[in-house]
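Here is the structure we will look at.
All of the numbers you see were taken from the coordinates with simple rules; none came from a lab. A quick note: this is a predicted structure, and the numbers were derived from the prediction, not measured. Note that each Cβ is placed from the backbone with ideal geometry, even for glycine, and that neighbours are counted across all protein chains shown.
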Amino acid sequence: MKALIVDDEVNVRDVLRYLGQWEKHGITEIFEADNGKEAQKIINEVKPELIFTDIKMPEMSGMEFIEWLDSKNYVGKVIFITGYNDYSLMRQAIKYSSFDYLLKPIEPEFFNKTLAEAVESWKTDQKSPNFNESIEEDFKKLRIDQIITSACMGEPFEPVDILSYLPASDQYELSLISFYQMHHPEPYIENLSKRLFDQKIGNVFSLKNGRNLCLVITITGESLTAEQWMSQEIDLPVRLVSGRAFTSLKQLARHYQALQTALDNNDYRSIHRLNELDAARRNQDIVAYVDDYYMEELSLEKLSNLFFFSREHISRKFKEETGLPLSKYVTKLKIDQARKWLKETEESIYSISLMLGYQDEKYFSKLFKKETGTTPSEFRAQFVNGSKE
């Protein structure tokens, strides 16, 4: 399979090349273009199965580019990569059948998850060109979850896009469900969503903001029905916050933010508390999570929200598990990765600093020297000259 990255920023293209688990998913060739016009030539010549494209580009915008693809009946998968969280643009992307979108700065977890899903979707298309119903339903679910997430973040949206997924009512109630980070709530959410929708009392939506949150929207008076089902059927630790009734979906962002604030202030109800053994395992899970996602923005606050522990508890237990405070542990992981890239790639020091989340190359070099005793240039020169660490 072949992939094409279209972005006018060379550093973005470099980051995507090195973040992507390309070989794992059968991508053998990666092409690059810095605008839509150049991308058109590459597509006509090599016909890539996957396209990752920016929206704001010179000469031909990403939106004009995808319109051109649509006119050519392009059968591959298109993923928007943009720093503009603009719902009107996403609506156009949906109109022209883009597969998904990702926001800059790119997070490795979400990028590779989208890459894997796009590859699998393309393979499914090859086996069944007309799409089977289950795949179509998956796409619809992804789209509505994206729309709900955008609406909760205060982005413009059309209420009619959401109302088709809800029973008719003059009033609705919101509840926010927070799952423990290392658990996979999808089967529970699917069951709850089906039950509420079939009974015409509500629906459940997975928020795409990286916090394992789900939003339950029910008609007035039925939020307790959803909570009762969760207490009986969900055997995972869950935090639940319920809000007041509202009459218009235009109020969605305000009510969601109130629920989010309550959750962050530990004003929630717990379903299925963990025992001491589960708590001990959670401490290990936190370290494992940091090992996997150290290139993302991590803080005690974020880990607290993800793992249902206080910041003070995480700070204390993390140091007990690793021997280092969180910030120093993350720095060590980043410097270890930098050493690997300096030895095994020809990436510039500036690009490596960006990939690790450091916008200032001088700061990165100073930090590297503090941790290793040498600057990045001196470290790389050791291997260029044939010496070993």
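Checking the a/c ratio against 1.5 first, then a/b against b/c, what shape does the Cα gyration tensor give for the chain?
Values: a/c = 2.14, a/b = 1.19, b/c = 1.80.
Here the chain falls in the oblate category.
Compute the normalised compactness of segment 331-384: alpha-carbon radius of gyration over 2.2 N^0.38 Å, N being the residue count.
Values: Rg = 9.7 Å, N = 54, 2.2 N^0.38 = 10.0 Å.
That works out to 0.96 for segment 331-384.
Which of the three applies to segment 149-236, rounded, prolate or oblate, going by the alpha-carbon gyration tensor with a ≥ b ≥ c and a/c under 1.5 meaning rounded? Present the calculation step by step, with values, prior to reporting the outcome.
Details: a/c = 2.01, a/b = 1.14, b/c = 1.76.
Cα axes put segment 149-236 in the oblate bin.
Using the beta-carbon distance between Ala245 and Leu324 and R0 = 45 Å, what value does 1/(1 + (r/R0)^6) give for FRET efficiency, to the nearest 0.05?
Values: r = 48 Å, r/R0 = 1.06.
Step by step, r from the Cβ atoms, then E = 0.40.
What stretch of the chain, leaving out the sites themselves, is the longest with no trypsin sites (Lys or Arg not before Pro) in a DSSP loop having at most 11 other Cβ atoms within 10 Å?
Numbers: sites that count: Lys72, Arg273, Lys388.
Looking at the chain, 73-272 is the longest stretch - no exposed trypsin sites (Lys or Arg not before Pro) with at most 11 other Cβ atoms within 10 Å.
How large is the charge dipole for the chain, taken about the Cα centre, if only the Cβ atoms of Lys, Arg (+1) and Asp, Glu (-1) carry charge, to the nearest 20 debye? Please list the in-between numbers first.
Values: 49 positive and 62 negative charges, 174 e Å.
Dipole about the Cα centre, nearest 20: 840 debye.
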Task: Cα-based reach from Lys2 at 25 Å (exclusive), listing lysines while leaving out same-chain residues under 8 positions away - done: Lys24, Lys37, Lys41, Lys47, Lys56, Lys72, Lys77, Lys95, Lys104, Lys113, Lys123, Lys127
Task: Charge tally in the Cβ shell below 14 Å around Ser248, where Lys, Arg are +1 and Asp, Glu are -1, Ser248 excluded - done: 0
TODO: Taking the Cα centre of segment 159-271 as origin, sum charge times position over the Cβ atoms of Lys and Arg (+1) and Asp and Glu (-1), and report the length of that vector in debye to the nearest 20.
DONE: 260 debye
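Can you give the helix-only mean residue ellipticity at 222 nm for the chain, where every DSSP H stretch with n ≥ 4 adds -39500 (n - 2.57) and the sum goes over all residues, rounded to the nearest 500 deg cm²/dmol?
-16500 deg cm²/dmol
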Task: Dipole of the chain [Lys/Arg +1, Asp/Glu -1 at C-beta], most positive-end residue of Gly202, Leu324, Ile51 - done: Leu324
TODO: Evaluate the charge dipole of segment 331-384 about its Cα centre and quote only its size in Debye, nearest 20, assuming +1 on the Cβ of each Lys and Arg and -1 on the Cβ of each Asp and Glu.
DONE: 240 debye
Open item on the list: Which residues does the label zone of Leu103 cover in segment 144-163, counting backbone N under 11 Å from a point 7 Å along Cα→Cβ?
Closed with: 149-155
TODO: Report the calculated FRET efficiency for Gln337 and Val46 (r = Cβ-Cβ distance, R0 = 22 Å), to the nearest 0.05.
DONE: 0.10
TODO: Only loop residues by DSSP count here, and only those with at most 14 other Cβ atoms within 10 Å; note down the chymotrypsin sites (Phe, Trp or Tyr not before Pro) in segment 139-233 that meet that.
DONE: none
Open item on the list: If I model a spin label as a point 7 Å beyond the Cα along the Cα-Cβ vector, how far apart are those points for Ser377 and Glu64 in nm?
Closed with: 4.1 nm
